[in-house]
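Let me begin by presenting the structure, written as structure tokens, before commenting on it.
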Amino acid sequence: MTEPQTEPGVEDQAPELVPLNAIFATDFVAILVPVTTANTIDEVAAAVASHSEGRRVRALPYPKVVVHNGRKLSGSMTVAEAGIRPLDHVAVEYEIPEGAS
């Protein structure tokens, strides 16, 4: 008797290129950033920030968060797990604690 075939999970598939439309914090320039389905959201935040932070946007000592379709994404999840598709728009923001300036 043969066992039913199951689809490989997201984590079992080879990484695929996912170009993203992105904007960082208060930057006025939207950029196209290549990431893969295996990149973590923290890696996406760093990739986006590298084009703006310290260039057109003042670097701040706070963690960065990625916002996709109005929701903050966990830094440890992957692009595939977050359901981000090619040419989706993401925003990377500083997560500034209450009371900090």
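The values are calculated or read from the model by the stated rules, or taken from the named source; none is laboratory data. Only a predicted model underlies this, so the values are computations on that prediction, with no experimental measurement involved. Don't worry about glycine lacking a Cβ; one is built from the backbone with ideal geometry, like all the others, and counts go over all protein chains shown. The area values use the complete protein model at the heavy-atom level, side chains included, leaving out ligands, DNA and RNA. Shrake-Rupley method; radii C 1.70, N 1.55, O 1.52, S 1.80 Å.
Considering only the range 26-64, state which residues are charged (D, E, K, R) and more than 17 Å from Ser74 (Cα to Cα). Walk me through it before giving the result.
Within the range 26-64, the subset charged (D, E, K, R) is 27, 42-43, 53, 55-56, 58, 64.
Selection gives Asp27, Glu53, Arg55, Arg56, Arg58.
Scanning the range 17-31 for residues that are open to solvent by 60 Å² or more (accessible area, probe 1.4 Å) and hydrophobic (A, V, I, L, M, F, W, C) yields Leu17, Phe28, Ala30.
Counting only residues that are in contact (Cβ under 8 Å) with a residue 60 or more places away in the chain and open to solvent by less than 60 Å² (accessible area, probe 1.4 Å), which one in the range 32-91 is farthest from Gln13 (Cα to Cα)? Can you show your working first?
First pass over the range 32-91, keeping only residues in contact (Cβ under 8 Å) with a residue 60 or more places away in the chain: 78-81, 84-91.
Checking the rest, the ones that are also open to solvent by less than 60 Å² (accessible area, probe 1.4 Å) come to 78-80, 84, 88, 90-91.
Numbers: Thr78: 12, Val79: 13, Ala80: 10, Ile84: 15, Asp88: 20, Val90: 23, Ala91: 26 Å.
Step by step, filter the range 32-91, then rank; the result is Ala91.
Filtering the range 92-101 to residues that are outside any loop (DSSP other than H, G, I, E, B) and either loosely packed, with under 13 Cβ neighbours inside 10 Å or within 12 Å of the chain's Cα centre (by Cα) (or both) leaves Val92, Glu93.
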